[in-house]
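What follows is a single structure, written as C-alpha cells, with notes after it.
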Amino acid sequence: MFALILNPHDTIRTLAYIRLGAKFPKSVSAIIFENHWAIWAAMFLVSAAVIWRGINTQQAVPRNIGGIILAVAIVWIVTAALVVTPHERLVNANDAIISAAAHDDVPSIMHYISRRATFGQWNYAQIQSGLADRLKSAHITGNIIRSMTVEMRGDQAVTRMVIWTSTRDYGPVITSWRFIWQDHLRPGNWRIMEVDLLAINGHRARPGAVIPMPR
C-alpha cells in the first residue's frame, strides 16, 4: 500500500486496469484480452443484420439472437479495454521508453529500468547519468520504431528494435537494440535487466558498447 502511495504513476495504472502477470497463459490472454477490431466489427454487423431482420419479420427469436451477439461484443470490448495483457504491457513499455527519449525525459525512462540493470559497463546510476548526458547532447527531435520483435517466456522477455532517430545537429541516426526484461510483481510492471546496443547506422557495435557521445 505504501508503495502505491509513493508511486502515483503506478497507482493510477494499477487502479485503472487489471494487469495480467507474465505467467498467465499467453494464448488465452491473446484470444480474450487483446484487441480484435475486425472480429468485433463483424459481430456488430451481424448483430445489426439479425436484429433488423427480426424487426422486419416481427419475429422475437432473431431480435434476441442479435441482442445476445451485441451484448457479447460489448462485454468483450469492455473486458479487453480493462485488462492489460503481459504482451501489451511489454509493447507499451518499449513505446514509452522510445517516446521519453525523444523528449529528454530520463526519469520516465528510468521508471522501466531495474536497479540491477546493466548497459555495457554501466550500472543503474551510470545509466541514469549517461542517458542524461547523451540525450542532452544529441538534441533528439523525434524517434520512430521501424521494427520490433518480442520474445516472451514466463516472466522474462527479449525485445529487439530498430529505431530511426532524428537529431537537430547530427541528422538521422539508425540504431539497433536488444532489451532483456523481467516482469516484477509490484505492481506487475516489466523492468529492463540488460540493454545491448547492437548497431549504429548499419555498423555493428562492439560488445558492451554504450551510447557514444555525438561528435
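A few points about this structure:
- Each of Met193, Met110 has some number of other Cβ atoms within 10 Å of its Cβ, and from fewest to most they run Met193, Met110.
- Length-normalised contact order for the chain - Cα pairs under 8 Å, 6+ apart - percent: 17
- Mean Kyte hydropathy of -1.0 or more with a Cα span along the axis of at least 15 Å, helices from DSSP in the chain: 37-57, 60-82, 86-102, 124-138
- Residue separation of Thr149 and Ala96 scaled by 0.36 nm, minus their Cα-Cα distance, works out to 17.5 nm of gained length.
- The stretch 118-215 - percent relative contact order, Cα under 8 Å, separation 6 or more: 26
- Estimated from helical segments only, the mean residue ellipticity of the chain at 222 nm is -15000 deg cm²/dmol, where each DSSP H run of four or more residues counts as -39500 (n - 2.57).
- With the simple model of a label 7 Å out from the Cα in the direction of the Cβ, Tyr170 to Ile68 spans 6.2 nm.
- In the stretch 35-84, the ratio of gyration radius to Kirkwood radius, Rg to Rh, stands at 1.09 when only Cα atoms are counted.
Any read-out appearing in this document is the output of simple, stated calculations on the displayed coordinates, not a laboratory observation. Everything quoted here is computed from the prediction, not taken from an experiment. So basically every Cβ, Gly included, is an ideal-geometry build from the backbone, and we count neighbours across all protein chains shown.
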